[in-house]
Amino acid sequence: MNQKTQVGIIGAGPSGLLLSHLLHLKGIDSVILEARSRKYVEERVRAGVLEQGTVDLLSDTGLGDRLRREGLVHHGIELRFDGRGHRVALSDLTGGRSIWIYGQREVVKDLIDARLAAEGTIHFEVDTVNLSGIDSSSPILNYQKDGRDFELNCDFIAGCDGFHGVSRDSIPAGILRTYHHVYPFGWLGILAAVAPSTEELIYAYHERGFALHSLRSPEISRLYIQVEPDEDINNWPDDRIWQELSTRMATEDGWTLETGPVLEKGISPMRSFVVEPMQYGSLFLAGDAAHIVPATGAKGLNLAVHDVHQLSEALIAWYREGSDEPLRQYSSNCLDRVWRAQDFSSFMSLMLHRYSDDDGFRSRLQRSQLKYVCGSEAASRSLAENYVGLPHI
Ligand code: APR
Ligand code: PHB
């Protein structure tokens, strides 16, 4: 069966859904093709830190109601090492900017609700999505749904299908340059039904490895510990995880970590990945399809939001004014912010994780850096402005 739309979007993660929403607000039609079910996409546990700019964009486009009701605004984070906590006063150091705690799955639910309320088209559980004609101005998406074949004719295709999607690999060989760095550690993350033992996020550096205390709500905590990248989750019964978290986050004044039932647990690798350029012909890549950052800087979701905001503006300029310059600038505009986030995420990762091959040299540099970041206003401000998101990159 043949269909037509202006922008064909692959993937109903935050990138694809937000792009579709932003285009709809300007009267541009799109269709989203998603391999998974609605339930799967809505329940996937992912990141939870929104930069000020992300919150502003969601609020300005009608997606701020539940976020402002249920999200938690944070004005600082804690760096903990040698048994002591040091607060980085994010808002004081950045002229009042802050971060918000609101799970990616809540953002995804709000976006799906908004798209469906506006009668937007999202085809869940599609198979074998295939791109053709991306070097022309009339690209085509072929796919199957419920065993039937469909053809979707588009003006543009947005590849919002994450790191493992099909769109990036549809670009002919020799066009993209890929940058990939795999860090020698992974994160074991848990979601737990227990009130957070802290009001602000704690990033802890410890000789046994990094630990992070984050949260999702006043009743739900999100915690992580550094593990080997190929670690088997079966080696980590809940008691062992709690024990390790308590040890790594212990303070000399006896701070206690409250424990509770573990709702979810999993291990993720830490990698940096970028492709350049983020465009070929009428195909534009956005979000995890084009770049991955290690989670230490909490930037993945925010970068995805920045990409699709840029892309929506460029598409709007094309449809309204016939101007293709913003589309041509799309990749370089995004990559400036992508590399800033890569550098910041790498800085946080290198400062906070233990390296198994360390002979004492690296850990001394790390301690010195932590003391500098906490003791110098210039260094704290640099961390703070990157963490809350630089407004002009
Ligand atoms: N066909 C259709 N859909 C696909 C295909 C395919 N071949 N391959 C992948 N998808 C879907 C996935 O099922 C997923 O729902 O594309 C979606 C991509 O979503 P995300 O992986 O969440 O990527 P993105 O929307 O760019 O969001 C980036 O996710 O991983 C986090 O830290 C990251 O927060 C950031 C955010
Ligand atoms: C999270 O809440 O999941 C989270 C917070 C901060 C990070 C990474 C993940 O740096």
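Right, Ala289: open to solvent by less than 10 Å² (accessible area, probe 1.4 Å), of a type outside the set (Phe, Trp, Tyr), within 30 Å of Gln226 (Cα to Cα) and at pLDDT 95 or above or not? The answer is yes for Ala289.
Of note, Phe284 does not satisfy the criterion of being over 19 Å from the mean Cα position of the chain (by Cα) and buried (at least 17 other Cβ atoms within 10 Å of the Cβ). Considering only region 144-151, I want to know if a residue exists there that is closer than 23 Å to Asp307 by Cα and among the small types (Gly, Ala, Ser). No, because not a single residue in region 144-151 is closer than 23 Å to Asp307 by Cα and among the small types (Gly, Ala, Ser).
Do we find a residue being away from ligand 2 (no atom under 16 Å from the Cβ), among the aromatic types (Phe, Trp, Tyr) and over 24 Å from Val166 (Cβ atoms) anywhere in region 319-337? Yes, region 319-337 contains at least one residue that is away from ligand 2 (no atom under 16 Å from the Cβ), among the aromatic types (Phe, Trp, Tyr) and over 24 Å from Val166 (Cβ atoms). One residue alone among Asp149, Asp169, Asp161 is part of a strand (DSSP E or B) and either within 30 Å of Lys4 (Cβ to Cβ) or among the β-branched types (Val, Ile, Thr) (or both), and that residue is Asp149. Restricting attention to region 1-22 and to residues that are open to solvent by less than 10 Å² (accessible area, probe 1.4 Å) and more than 14 Å from ligand 1 (Cβ to nearest atom), the residue that is farthest from Gly62 (Cα to Cα) turns out to be Thr5.
Taking residues in region 104-119 that are more than 18 Å from Glu70 (Cα to Cα), and partners anywhere that are within 12 Å of ligand 1 (Cβ to nearest atom) and open to solvent by 20 Å² or more (accessible area, probe 1.4 Å), the pairs with Cβ atoms closer than 7 Å and at least 6 places apart or on different chains are Arg115/Ile122. Within region 347-368, one or more residues are within 16 Å of ligand 2 (Cβ to nearest atom) and open to solvent by 20 Å² or more (accessible area, probe 1.4 Å). Apart from one condition, Gly254 fits all of (1) over 23 Å from Tyr102 (Cβ atoms); (2) modelled with pLDDT of 95 or more; (3) away from ligand 1 (no atom under 16 Å from the Cβ); the exception is (2). I'd like to check something: does region 372-380 contain any residue that is of a type in the set (Asp, Glu), open to solvent by 70 Å² or more (accessible area, probe 1.4 Å), part of a helix (DSSP H, G or I) and under 30 Å from Glu231 (Cα atoms)? Looking for residues that are of a type in the set (Asp, Glu), open to solvent by 70 Å² or more (accessible area, probe 1.4 Å), part of a helix (DSSP H, G or I) and under 30 Å from Glu231 (Cα atoms), one finds none in region 372-380, hence no. Looking at region 1-54, the strands (runs of 3 or more DSSP E) lying wholly inside it that each contain 3 or more residues that are within 16 Å of ligand 2 (Cβ to nearest atom) and closer than 30 Å to Arg97 by Cβ sit at 49-51.
Looking across region 23-54, the residues that are open to solvent by 20 Å² or more (accessible area, probe 1.4 Å), of a type in the set (A, V, I, L, M, F, W, C) and more than 10 Å from ligand 1 (Cβ to nearest atom) come down to Leu25, Val45. Residues that are touching a Cys at 6+ places or on another chain (Cβ under 8 Å) and within 15 Å of ligand 1 (Cβ to nearest atom) within region 260-284 comprise just one, Met278. The conditions of being aromatic (Phe, Trp, Tyr), more than 16 Å from ligand 2 (Cβ to nearest atom), part of a strand (DSSP E or B) and farther than 22 Å from Gly8 by Cβ are not met by Phe284. Scan region 175-194 and tell me whether some residue there is open to solvent by 20 Å² or more (accessible area, probe 1.4 Å), part of a loop (DSSP other than H, G, I, E, B) and within 14 Å of ligand 2 (Cβ to nearest atom). No, because not a single residue in region 175-194 is open to solvent by 20 Å² or more (accessible area, probe 1.4 Å), part of a loop (DSSP other than H, G, I, E, B) and within 14 Å of ligand 2 (Cβ to nearest atom). Residues that are buried (at least 17 other Cβ atoms within 10 Å of the Cβ), in a loop (DSSP other than H, G, I, E, B) and without any contact (Cβ under 8 Å) to a residue 40 or more places away in the chain within region 210-232 are absent altogether. Can you find a residue in region 76-88 that is in contact with a helix residue (DSSP H, G or I) (Cβ under 6 Å, 6 or more places away or on another chain), assigned to a helix (DSSP H, G or I) and open to solvent by less than 40 Å² (accessible area, probe 1.4 Å)? No, because not a single residue in region 76-88 is in contact with a helix residue (DSSP H, G or I) (Cβ under 6 Å, 6 or more places away or on another chain), assigned to a helix (DSSP H, G or I) and open to solvent by less than 40 Å² (accessible area, probe 1.4 Å). In the set (1) within 24 Å of Gln310 (Cβ to Cβ); (2) in contact with a Pro (Cβ under 6 Å, 6 or more places away or on another chain), the condition left unmet by Gly165 is number (2).
Among residues of region 44-72 that are hydroxyl-bearing (Ser, Thr, Tyr), those with a beta-carbon under 9 Å from a residue that is modelled with pLDDT of 95 or more and assigned to a loop (DSSP other than H, G, I, E, B) at least six positions away or on a different chain give the pairs Thr54/Gly389. Only residues that are assigned to a loop (DSSP other than H, G, I, E, B) and either within 16 Å of ligand 1 (Cβ to nearest atom) or open to solvent by less than 20 Å² (accessible area, probe 1.4 Å) (or both): list them for region 90-131, please. Of everything in region 90-131, those that are assigned to a loop (DSSP other than H, G, I, E, B) and either within 16 Å of ligand 1 (Cβ to nearest atom) or open to solvent by less than 20 Å² (accessible area, probe 1.4 Å) (or both) turn out to be Ser98, Tyr102, Gly103, Gly120, Phe124, Glu125, Val126. Of all residues in region 64-73, those satisfying the criterion of being surrounded by fewer than 20 Cβ atoms within 10 Å (Cβ to Cβ) and not in a helix (DSSP H, G or I) are Gly64, Leu72, Val73.
The values are calculated or read from the model by the stated rules, or taken from the named source; none is laboratory data. Treat the numbers as computed from the prediction; the structure is a model and nothing was measured. Cβ coordinates were reconstructed from backbone atoms using ideal geometry, including for glycine residues, and neighbour counts include every protein chain displayed. These accessible areas exclude ligands, DNA and RNA; they are computed on the full protein's heavy atoms, side chains included. Shrake-Rupley method; radii C 1.70, N 1.55, O 1.52, S 1.80 Å.
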